[in-house]
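Novice: Below is a structure I'd like to ask you about.
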Amino acid sequence: LSNTIMAAIENNSDIFSTRDLEDLLRRTEKTELTKVKIYLAKKIGNFAKTLDIYLKEFKGEEQIILTYNFINGEMAKFKEDKIQYQKIKGFILEKITEIAALSIDRIIELTENYFDSNYAEILFRINNNANKLKYLEEIIGKYKEDDLNPNEPATKEYEKILKLHIDLLCNLKYFDQILPNLKMRDHYPVLYCLEKCKAYKIYDACIYLERKSGNIAEAIKLVNLLIKEDFNNLKNFYQENYEIIKNGKDNSDEDEYINELIEADEESKKGKTRTKEEEILYQKKILIRKQDKILKLGTEICELSSQMSSSSQMSSREESKKIWQSLLSMYYDLINGIKVD
């Protein structure tokens with residue numbers, strides 16, 4: 001039927017005016033005659049309508065191929081017609097959220113080929129946070145930090161993008177990705193990120209940022225907060241699982257056994273399951289490792305404080321002493337907590 005309708009229009013093109021074709025397009029709007037709708041929209045030069053049909057009436061890989069082939073074809077076709085070219089770009093920007101959802105790789109190509117690699121223009125128009133994050137993480141890698149100079153437009157744009165990156169990671173609750181990213185790049189705005197991380201209680205990132213900004217005392221306060229929190233979690237875990245832990249594997253074998261479980265964790269996520277006893281021993285070891293890690297971090301920060309104050313005035317050395325006392329006091333509280341329980 002679609003082929004018959006299109007052939008009839010072609011064979012009688014002198015009879016059908018643009019208004020007639022627009023009327024036919026409206027009449028077919030709620031039908032399943034997708035090919036006819038595309039044919040009519042293209043024939044009357046309605047780019048926006050054609051794009052809308054591709055976005056709404058196709059799925060999967062076919063939708064990606066057809067949509068991007070259409071966009072690329074039209075952009076190439078009208079590249080010398082500045083007015084039409086800008087109109088098409090405007091239509092693309094209006095639908096950029098839907099277009100970005102199809103393929104991040106293809107929208108990067110689109111940005112580079114037709115939007116002069118103006119990634120920010122595309123980025124800040126994508127309304128879906130998950131797709132915005134995917135696009136953003138692709139373009140972050142295109143900036144070379146060593147080549148950026150302070151106060152230049154490219155540097156300011158990069159910092160704005162990194163600020164949005166932290167926002168998205170927080171909003172999407174990808175908290176475990178924040179600290180690795182902060183360590184990876186030097187241009188994240190420290191005070192902004194610190195405020196954001198405090199709001200979401202992402203304390204490992206807060207500790208890193210406090211250290212980076214030179215606020216050692218505040219970093220230790222957060223370390224002590226985490227030490228106490230982790231200890232309480234570990235204590236509660238022992239209380240809830242006391243019988244299984246008491247009757248668990250012999251201690252001499254336990255470390256090697258649990259290490260094997262931890263190393264095989266990725267495999268376990270692929271369908272392998274652990275017994276209840278194995279899971280409890282595994283979680284116990286994870287909690288202990290987490291506590292050990294934060295205790296070592298506290299010691300490291302205190303040692304850094306000592307190094308910073310070694311050649312400084314007496315006031316700095318006194319401050320370093322207070323920082324050490326704060327951490328040691330927390331150690332003491334933990335020991336007392338263990339004795340009591």
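Novice: Taking the square root of 5 times each eigenvalue of the Cα gyration tensor, what semi-axes in Å does the equivalent ellipsoid of the stretch 31-144 have, largest first? Provide the component values of the computation, followed by the final result.
Specialist: On the way: eigenvalues 121, 59, 23 Å².
Semi-axes from the Cα gyration tensor: 25, 17, 11 Å.
Novice: Once all Cα-Cα distances of the stretch 19-77 are split into 5 Å bins that start at 0, what whole-number percent is in each one?
Specialist: The calculated distribution, bin by bin, is 4, 19, 32, 24, 14, 7, 1.
Novice: With all protein chains present, calculate the accessible area of Tyr39 using a 1.4 Å probe and round the result to the nearest 10 Å².
Specialist: Using a 1.4 Å probe on the heavy atoms, I get roughly 40 Å².
Novice: Hey, another quick one. Throw me the Rg/Rh for the chain, computed over C-alpha atoms with Kirkwood Rh, two decimals. Working shown, then result.
Specialist: Values: Rg = 30.1 Å, Rh = 25.7 Å.
Answer for the chain: 1.17.
Novice: Provide Rg and Dmax in Å for the stretch 135-226, with only Cα atoms included in the calculation.
Specialist: Both quantities, over Cα of the stretch 135-226: 13.5, 41 Å.
Novice: Just to verify a number: what accessible area does Cys170 come out at with the full protein assembly present, 1.4 Å probe, Å² rounded to tens?
Specialist: Around 0 Å² of this residue is reachable by solvent.
Novice: Semi-axes of the stretch 1-50's equivalent ellipsoid from the Cα gyration tensor, sqrt of 5 times each eigenvalue, largest first, rounded to whole Å?
Specialist: Values: eigenvalues 46, 36, 17 Å².
Output for the stretch 1-50: semi-axes of 15, 13, 9 Å.
Novice: Past the 30 Å Cα-Cα mark, which pairs from Lys134/Lys183; Lys59/Lys163; Lys235/Lys296; Lys42/Lys163? Before the final figure, lay out each step's value.
Specialist: Working: Lys134/Lys183 19 Å; Lys59/Lys163 34 Å; Lys235/Lys296 19 Å; Lys42/Lys163 41 Å.
Beyond 30 Å: Lys59/Lys163; Lys42/Lys163.
Novice: On to the next question. If DNA, RNA and ligands are ignored and the probe is 1.4 Å, what is the ranking of Lys246, Lys56 by accessible area, most exposed first? Intermediate results must be reported in sequence, preceding the final value.
Specialist: Numbers: Lys246 110, Lys56 135 Å².
From most accessible down to least: Lys56, Lys246.
Novice: A further question follows. Of the listed peptides 327-333, 76-82, 101-107, what is their order by residue-averaged count of other C-beta atoms within 10 Å, with the highest listed first? If you can, show how the numbers build up before the last one.
Specialist: Working: 327-333: 14.4, 76-82: 11.4, 101-107: 18.0.
So the peptides 327-333, 76-82, 101-107, ranked by packing, come out 101-107, 327-333, 76-82.
Novice: Still on this structure, I have one more. If you put +1 on each Lys and Arg Cβ and -1 on each Asp and Glu Cβ, how big is the dipole of the chain around its Cα centre, in Debye rounded to 20? Intermediate values should be presented prior to the final figure.
Specialist: On the way: 54 positive and 60 negative charges, 197 e Å.
It works out to roughly 940 debye.
Novice: Solvent-accessible area of Thr18, probe 1.4 Å, all protein chains present, reported in Å² to the nearest ten, please.
Specialist: For Thr18, the solvent-accessible surface is approximately 80 Å².
Novice: Right, next: Got a sec? Charge dipole of the stretch 112-186, +1 on Cβ for Lys and Arg, -1 for Asp and Glu; which of Asn129, Tyr114, Pro153 is way out at the positive end?
Specialist: Asn129
Novice: Between beta-carbons, use under 12 Å as the cut-off and find the net charge around Leu24, counting Lys and Arg +1, Asp and Glu -1. Intermediate values should be presented prior to the final figure.
Specialist: Working: positive: Arg19, Arg26, Arg27, Lys37, Lys43; negative: Asp20, Glu22, Asp23, Glu29.
Spelling it out: positives minus negatives among the neighbours equals +1.
Novice: State to the nearest 20 debye the size of the charge dipole of the stretch 100-195 about its Cα centre, where the only charges are +1 on K and R beta carbons and -1 on D and E beta carbons. Write down the numbers at each step before the final one.
Specialist: On the way: 12 positive and 17 negative charges, 73 e Å.
Taking the Cα centre of the stretch 100-195 as origin, the dipole is about 360 debye.
The values are calculated or read from the model by the stated rules, or taken from the named source; none is laboratory data. Only a predicted model underlies this, so the values are computations on that prediction, with no experimental measurement involved. Don't worry about glycine lacking a Cβ; one is built from the backbone with ideal geometry, like all the others, and counts go over all protein chains shown. The protein model used for the area step is the full one, side chains on, heavy atoms only, and it has no ligands, DNA or RNA in it. Shrake-Rupley method; radii C 1.70, N 1.55, O 1.52, S 1.80 Å.
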